[in-house]
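*Asks:* Here it is: the structure, laid out below.
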Amino acid sequence: MEKKLDGFFNARSVVIFGLSPNPGNLGRNIVANSRRWKYSGNIYGISPTPGENDGVKIYKSLDELPEKPELALIFTKAALVPDIVLDCARQGLKTIAVSSAGFEETGRPEGIELAKKLKDICREKKVLLVGPNGIATANTQNGLCLSFMPLDFPPAGKIAFITQSGGVGTSMCEKMATEAFPLGKFVSLGNKTVLDEVDFLEYFAQDPETEVICIYLEDMRRGREFCEVARRTRKPLIVYKANITPYGQAAASSHTAALKNDEAVMDGAFRQAGIIRARSLAELMTLARAFLMPALKGNRLLVISPSGGLSVILADLAYKHGFQLPPIPRELIEKYSAQRRAGVIDFKNPLDFGDIYSAEIQKNFLRDLLRREEFDGLATAYLYRDPEVLKKYYHTLGQLQRDL
């Protein structure tokens, strides 16, 4: 199964069912994303109305395409999806993402029946299908991006992101692009009618381009299997599980047809399987970044902030988690004391940079501190209204990490 899912991320050709020449067609966003992400594979469209959309040629049927695509994306009315899947299967195209909504998430008999029909076809024809009711897949390594929502290109990296919600996936991808989050591969599960988080966890656990796995879920229908796969996984696995309150359960059931789970049981099972449970999307991203960093050799921290208040918060957290805060070496205090603007803040650990306004002096001070044997790691918290100042600071930290 793991290798077979590779087509969702490394397809060299894609056909989009529902892409039309109409300038208002949402499929144009899929084409625009692929252009923006610099996807080099071939893209084709299929619609009752042939023509062109942003340079992509649109045909009336699969038979007319100049090659057999490796991946199909279906973005049509829900009622048309089962027959399209059947047609794809007959022609040997069995890796399919469905972004269309209108299935079991509606709670209506016709939507539930459509989902059952879709599932039966996939089982009979051995079709690998992700969705429906999602935003498909993406891969920063090759530029594949099949979301029908516009997405900026985030920095290519080694973090895989599995999300049950397309909306959460869209907002997270935008946040990743803004905050330079090193995303690798992305999949939106939607209703999980055929493939689910267990299947993609198995895939990412074996994927050589993935080092950290993040998952947003609203329910788990194969909890035991999920935990068994997680236990075998040798990569950091971080899960944010929503749908834990009566209000959340009501919203989730009409959103992705999600079912409720027993939280106490899930907490215990996660701990036994070595799964790290995030309590917010922000924490999910922070933890994922942390696992890409080199491991600390010890528990001696250098804490730095331009804010005395943030320094206090960081110091409390360091104590709470068993870290030590060694003092600033005397020779460095003497070297940089004259560089303070007002001379009113003493240099100690936590180190308050509020009295040093030169970015160059801060960088040199940091370099001298991080070269010392007294410190195993750095914890920092910076708040600036000017994003350019913050960007320069993070650039400095990255430069120091490479240099040291």
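*Asks:* Which one is surrounded by the fewest Cβ atoms within 10 Å (Cβ to Cβ), of the residues in the stretch 122-148 that are more than 11 Å from Val98 (Cα to Cα) and of a type in the set (Val, Ile, Thr)?
*Replies:* If we take residues in the stretch 122-148 being more than 11 Å from Val98 (Cα to Cα) and of a type in the set (Val, Ile, Thr), then Val127 is surrounded by the fewest Cβ atoms within 10 Å (Cβ to Cβ).
*Asks:* Here's another thing I want to ask about it. If a residue has to be loosely packed, with under 14 Cβ neighbours inside 10 Å and closer than 22 Å to Leu26 by Cα to count, how many in the stretch 60-79 make the cut?
*Replies:* The qualifying residues number 4.
*Asks:* Here's a follow-up. Answer yes or no as to whether Gly111 is within 15 Å of the chain's Cα centre (by Cα) and not in a strand (DSSP E or B).
*Replies:* Taking the combined requirement at face value, the residue does not satisfy it.
*Asks:* For the list (1) in a loop (DSSP other than H, G, I, E, B); (2) closer than 27 Å to Phe153 by Cβ, I need the number of the one condition that Leu5 fails.
*Replies:* Here Leu5 clears every test but (1).
*Asks:* Would you check which residues across the stretch 208-224 are surrounded by fewer than 21 Cβ atoms within 10 Å (Cβ to Cβ) and at pLDDT 95 or above and list them?
*Replies:* Those that are surrounded by fewer than 21 Cβ atoms within 10 Å (Cβ to Cβ) and at pLDDT 95 or above: Pro208, Glu209, Thr210, Glu211.
*Asks:* Looking for whichever is at pLDDT 85 or above, of a type in the set (D, E, K, R) and outside any loop (DSSP other than H, G, I, E, B) here; the options are Arg372, Arg367, Arg289. Which one fits?
*Replies:* After applying the criteria, what remains is Arg289.
*Asks:* Still on this structure, I have one more. Please specify each residue of the stretch 194-219 satisfying the condition of being touching a residue at least 40 places away in the same chain (Cβ under 8 Å) and either in contact with an Asp or Glu (Cβ under 7 Å, 6 or more places away or on another chain) or in a strand (DSSP E or B) (or both).
*Replies:* Result: Glu202, Tyr203, Gln206, Val212, Ile213, Cys214, Ile215, Tyr216, Leu217.
*Asks:* Shifting gears a bit: Of everything in the stretch 279-332, what is more than 30 Å from Glu218 (Cα to Cα), under 29 Å from the mean Cα position of the chain (by Cα) and among the small types (Gly, Ala, Ser)? Give them in sequence order.
*Replies:* Ala295, Ser305, Ala318
*Asks:* May I ask you to say which residue of Gly102, Gly92 is surrounded by 14 or more Cβ atoms within 10 Å (Cβ to Cβ), at positive phi and in a loop (DSSP other than H, G, I, E, B)?
*Replies:* Gly102
*Asks:* Being among the polar types (S, T, N, Q), more than 23 Å from Glu124 (Cβ to Cβ) and out of contact with any Ser or Thr (no Cβ under 7 Å at 6 or more places or on another chain) is the requirement here; does Ser61 meet it?
*Replies:* no
*Asks:* Examine the stretch 28-44 for a residue that is in a loop (DSSP other than H, G, I, E, B), in contact with a Leu (Cβ under 8 Å, 6 or more places away or on another chain) and without any contact (Cβ under 8 Å) to a residue 60 or more places away in the chain, and state whether such a residue exists.
*Replies:* Looking through the stretch 28-44, none of the residues is in a loop (DSSP other than H, G, I, E, B), in contact with a Leu (Cβ under 8 Å, 6 or more places away or on another chain) and without any contact (Cβ under 8 Å) to a residue 60 or more places away in the chain.
*Asks:* Please verify whether the stretch 349-357 includes one or more residues that are farther than 26 Å from Pro182 by Cβ and modelled with pLDDT of 85 or more.
*Replies:* Within the stretch 349-357, one or more residues are farther than 26 Å from Pro182 by Cβ and modelled with pLDDT of 85 or more.
*Asks:* Out of the residues in the stretch 292-329 that are assigned to a loop (DSSP other than H, G, I, E, B) and in contact (Cβ under 8 Å) with a residue 60 or more places away in the chain, which is nearest to Lys175 (Cα to Cα)?
*Replies:* Top of the filtered list is Leu292.
The values are calculated or read from the model by the stated rules, or taken from the named source; none is laboratory data. The structure presented is a predicted model; accordingly, all values stated were derived computationally and were not measured. Using ideal geometry, Cβ is built from the backbone for each residue, glycine included, and neighbour counts are taken over all protein chains shown.
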